[in-house]
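Report on the structure given below.
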């Protein structure tokens, strides 16, 4: 079976991003065969220091977002470092950067610098709020944008403190949006030969995540109510407590609601005027939950699951990551990739998500150490050994194979 792992063979991406959103984008491009050159400062990108957990001296987060890339270390505060970056971009198809708007231009690496001589360059700029507007110069990270986009107003229970999704969902969503934009621009470039700048923001990605909630608010001006695990638009569609844990049940369709009531020994509940339709059950959710929970707590989650499935009622254990590791579908899907690292051994992480069993059966390259491939990439870009030596002596580049070490922050290896 042909997978997408070689769909972008022959394309080169220069990656000026760090932490989550940009690295997600460039990792997926690398997974699909693009040659991705990750540019870091001599101290290493911030994502290396964001733990726990740790793999060696780097955060697991860094390894999880940076497989299949080549690592180059440049000091963009030096003329030599910027000159190297320009040469890398000149030979690239795609640039992905996540600096605050204007920073790349001040470095002499902005889109306008290259547009004239490199009209086919696709230049993807990822920022918190967008390239223009009153918030363009504001920095922002996943949690800040979860708050500012209204996403946190949906999560948790009324009267409790605001909650956010603990996985960096906005960062990852932004990375996927950026990949979508780059692939669309590649298709357009194939027709007209023109590249261009793409404006991708965490804020827009966070709003896209809330498609249904924001559309509902704009329709009726009713603020969403925080209802924990429950869906605001249907019931029952939430987690229920059992004797030993929690069980997610989605039985809001008329036939499944009737089956659920019968299974729980509550056939009259199906026609109770308070619960006859999904909107009525949403309006009377507390009463419904109390009645259903009274029965569900009489058995364990493991006892309920086969009974519910036999009745074609949608259900799932509310799983911990320990439960997830034992999930019977996980091995079949092949979504957990194994990446072999020369120092740390096998590192497991979510892999490429499309045709995952076949795609992740192919080997992945581990995330690079800081500047691991500087010498290799510069040679491939036409620099000779004398030029590389001069850049090393000037402090414009770092090459670990030259014994060139700089002081690194705690848990940030170079």
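Would you be able to say whether some residue in the stretch 98-109 is touching a helix residue (DSSP H, G or I) at 6+ places or on another chain (Cβ under 7 Å), buried (at least 16 other Cβ atoms within 10 Å of the Cβ) and not in a loop (DSSP other than H, G, I, E, B)?
There is no residue in the stretch 98-109 that is touching a helix residue (DSSP H, G or I) at 6+ places or on another chain (Cβ under 7 Å), buried (at least 16 other Cβ atoms within 10 Å of the Cβ) and not in a loop (DSSP other than H, G, I, E, B).
Could you check, for the stretch 209-218, whether at least one of its residues is modelled with pLDDT of 95 or more, within 17 Å of the chain's Cα centre (by Cα) and surrounded by 14 or more Cβ atoms within 10 Å (Cβ to Cβ)?
yes
Just wondering, is there one or more residues in the stretch 74-85 that are within 26 Å of residue 340 (Cβ to Cβ), modelled with pLDDT of 95 or more and either in the same structural domain as residue 397 (by TED's automatic domain parsing) or in contact with a strand residue (DSSP E or B) (Cβ under 6 Å, 6 or more places away or on another chain) (or both)?
no
Looking at 51, 22, 47, 71 in this structure, which one is surrounded by fewer than 19 Cβ atoms within 10 Å (Cβ to Cβ) and either in contact with a helix residue (DSSP H, G or I) (Cβ under 9 Å, 6 or more places away or on another chain) or part of a strand (DSSP E or B) (or both)?
51
For the stretch 219-256, how many residues meet the condition of being touching a helix residue (DSSP H, G or I) at 6+ places or on another chain (Cβ under 9 Å), modelled with pLDDT of 95 or more and surrounded by 13 or more Cβ atoms within 10 Å (Cβ to Cβ)?
18
Among helices (runs of 4 or more DSSP H) lying entirely in the stretch 331-414, which contain 1 or more residues that are farther than 19 Å from residue 80 by Cβ and modelled with pLDDT of 95 or more?
Passing ranges, in order: 356-359.
Under 6 Å between Cβ atoms, which residue pairs at least 6 apart in sequence (or on different chains) link something in the stretch 160-187 that is in the same structural domain as residue 19 (by TED's automatic domain parsing) with a partner that is assigned to a loop (DSSP other than H, G, I, E, B)?
163/155; 163/156; 168/20; 171/20
Yes/no matrix, rows are residues, columns are (1) farther than 17 Å from residue 206 by Cβ; (2) outside any loop (DSSP other than H, G, I, E, B); (3) touching a helix residue (DSSP H, G or I) at 6+ places or on another chain (Cβ under 9 Å):
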| residue | (1), (2), (3) |
| --- | --- |
| 76 | yes, no, yes |
| 120 | yes, no, yes |
| 126 | no, yes, yes |
| 163 | no, no, yes |
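Which condition from (1) surrounded by fewer than 19 Cβ atoms within 10 Å (Cβ to Cβ); (2) touching a helix residue (DSSP H, G or I) at 6+ places or on another chain (Cβ under 9 Å) is the one that residue 192 breaks?
Condition (2) is where residue 192 drops out.
The values are calculated or read from the model by the stated rules, or taken from the named source; none is laboratory data. Since the model is a prediction, treat every value here as computed from it, not as a measurement. Heads up, the Cβs are rebuilt from the backbone with ideal geometry, glycines too, and the neighbour counts pull from every protein chain shown.
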